[in-house]
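**Q** Dumping the structure here so I can ask a few things about it.
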Amino acid sequence: MNETTIKILVAGPCGAGKTTFIRTLSQSPVVNTDVPCSTANRATTVAMDFGQLSLDRYTIHLFGAPGQDRFEFTWEVLLEGALGVLLLVSGNDATHFPQVRRISDYLLSRNPVPLVVGVTHQDHPNCWDCKEVASYLDLDPTEVIPIDATNLESASELLVRLFDLVERA
Amino acid sequence: MAIAEELNTILGRMRTSVPELSAALVATTDGLPIAHSLNSGDANRLAAMAATALGLGRRICESFGGGGFRETSVSGDEGQMYIYSAGPKAVLGVVARAGANVGLIHLEARDAASQVAQMLERR
Ligand SMILES: Nc1nc2c(ncn2[C@@H]2O[C@H](COP(=O)(O)OP(=O)(O)OP(=O)(O)O)[C@@H](O)[C@H]2O)c(=O)[nH]1
Ligand SMILES: [Mg+2]
């Protein structure tokens, strides 16, 4: 086995689409720890998501974090050894933006790795523009892109964007 | 009786039978506390952690063919926490100091977990 294994953390506020993103990209059955959410009509992750895919000569391990604040203690554990972070945020809810900044500060202060942001729920009529999200987060506009977490091609684009950043680093 | 009240009765009975327990709580599987009886510590934090342990435990159990998840534990030099499945919607967590009678804890806590499961099932 001479493939290189790379670990990537997928983080972001609840409902952003982290579990969906990993399900879309993974080439093996995804380990998910979703349970019904008490406060919304959907499922929510309580421990982690785990999926794998091959890209060129790399095996990528995607670890998804739970988005709800009360599971914050898992983030540091999941971040251990990650080469980069994919931060997802739903573009239809600006109330989540402060949390994105908080999550990014939390992660980067513990492990300063390359990070890119994917703005999900693009099909929503009032979705925020990526440039606005980038300026809110003080990021370079090239590091924030619109994605559809349910679409393989679109989800892969975010991964490629992170790889570009890792190579330049 | 309200849910929390009924659960508190179950927790109280268990704590009387096992005085070595320093904490007992029931949380939803997504980590919100429903009822708790703690000597110290933060119920919100403990509830989230119990749900995480349950969620991971279920998957680990599944991956080695262990069937339906029942319980898991975390032991340190000075204490231990046991986490029990309490039906599809809830989790029971108990904390004890090192040296506590583990057999008794399991006996009482498993019983309490099934009472919690039955009670929530009726709702
Ligand atoms: N339209 C649209 N829906 C999406 C997108 N990404 C996720 N969803 C939907 O949003 C909901 C929440 O997605 P999840 O993947 O569970 O969100 P999460 O980030 O894992 O949430 P937590 O585990 O609670 O932190 C699901 O119903 C998804 O189908 C997207 O890009 N576009
Ligand atoms: Mg999730």
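Only the coordinates and a few stated rules stand behind these numbers; no lab work does. Keep in mind the model is a prediction, meaning the values are calculated, not measured. All Cβ positions, even for glycine, are placed from backbone atoms using ideal geometry, and neighbour counts span all protein chains on display.
**Q** Ignore the peptide's own chain and count Cβ atoms of other chains within 10 Å of each Cβ in A:35-42; give me the average, rounded.
**A** Counting Cβ atoms of other protein chains within 10 Å of each residue's Cβ and averaging gives 4.
**Q** To the nearest 20 debye, what charge dipole does the range A:4-168 have about its Cα centre, counting +1 at the Cβ of each Lys and Arg and -1 at the Cβ of each Asp and Glu?
**A** Computed charge dipole of the range A:4-168: roughly 340 debye.
**Q** Using the charge dipole of chain B (Lys, Arg: +1 at Cβ; Asp, Glu: -1 at Cβ; taken about the Cα centre), state which of B:31, B:46, B:95 has its Cα farthest towards the positive end.
**A** Farthest along the dipole direction, towards plus: B:31.
**Q** Within the range B:8-32, whose backbone N sits under 15 Å from a point 7 Å along Cα→Cβ of residue A:38?
**A** Residues B:8, B:25-32 qualify, since their backbone N sits under 15 Å from the label point.
**Q** Looking at the range B:1-106, which chymotrypsin sites (Phe, Trp or Tyr not before Pro) are DSSP coil and have at most 15 other C-beta atoms within 10 Å of their C-beta?
**A** Loop-located and lightly packed - B:64.
**Q** While we're on this one: Please average, across the residues of B:87-93, the number of beta carbons from any other chain that are within 10 Å of each residue's own beta carbon, and give a whole number.
**A** Partner-chain Cβ atoms within 10 Å, mean over residues of B:87-93: 1.
**Q** Let me ask another. How would the range B:3-121 be classified by its alpha-carbon gyration tensor: rounded, prolate or oblate, with rounded meaning a/c under 1.5 and the a/b versus b/c comparison settling the rest?
**A** The shape class here is rounded.
**Q** What is the average number of partner chain Cβ atoms found within 10 Å of a Cβ in B:56-62?
**A** Mean partner shielding for this stretch: 3.
**Q** In deg cm²/dmol and to the nearest 500, what is the mean residue ellipticity at 222 nm of the protein assembly as shown if only DSSP H runs of at least 4 residues count, each as -39500 (n - 2.57), divided by the residue total?
**A** For the protein assembly as shown, the value works out to -12000 deg cm²/dmol.
**Q** Say R0 is 25 Å: what FRET efficiency, to the nearest 0.05, do residue A:102 and residue B:38 get from their beta-carbon distance?
**A** Efficiency at R0 = 25 Å is approximately 0.35.
**Q** Same structure again: Over the range A:4-168, what is the mean sequence separation of C-alpha contacts under 8 Å (at least six apart), divided by residue count, expressed as relative contact order in percent?
**A** Relative contact order here is 24 percent.
**Q** Shifting gears a bit: Only residues of the range B:88-116 count here: report those whose backbone N is under 16 Å from the spot 7 Å along Cα→Cβ of residue B:75, or say none.
**A** Answer for the range B:88-116: B:94-107.
**Q** When chain A is modelled as a GNM with alpha-carbon springs shorter than 10 Å, which of A:20, A:95, A:39 fluctuates the most?
**A** A:39
**Q** Quick one: which residues, 5+ away or cross-chain, put their amide H under 5 Å from the amide H of residue A:120? H built at 1.01 Å from N.
**A** Correct list: A:89, A:90, A:91, A:147.
**Q** Still on this structure, I have one more. If the chain between residue A:126 and residue A:72 were fully stretched, how many nm would it gain, using 0.36 nm times the residue separation less the Cα-Cα distance?
**A** 16.6 nm
**Q** Computed on alpha carbon atoms, what radius of gyration and Dmax characterise chain A, expressed in Å?
**A** Here Rg and the maximum Cα pair distance are 14.7, 47 Å.
**Q** For the protein assembly as shown, list log₁₀ I(q)/I(0) at each q in 0.10, 0.16 Å⁻¹, using the Debye formula over Cα point scatterers of equal strength and ignoring solvent, two decimals each.
**A** -0.60, -1.17
**Q** Going by the alpha-carbon gyration tensor, a ≥ b ≥ c the square roots of its eigenvalues, is the range A:32-84 rounded (a/c under 1.5) or, if a/c is not under 1.5, prolate (a/b greater than b/c) versus oblate?
**A** Note, shape of the range A:32-84 comes out oblate.
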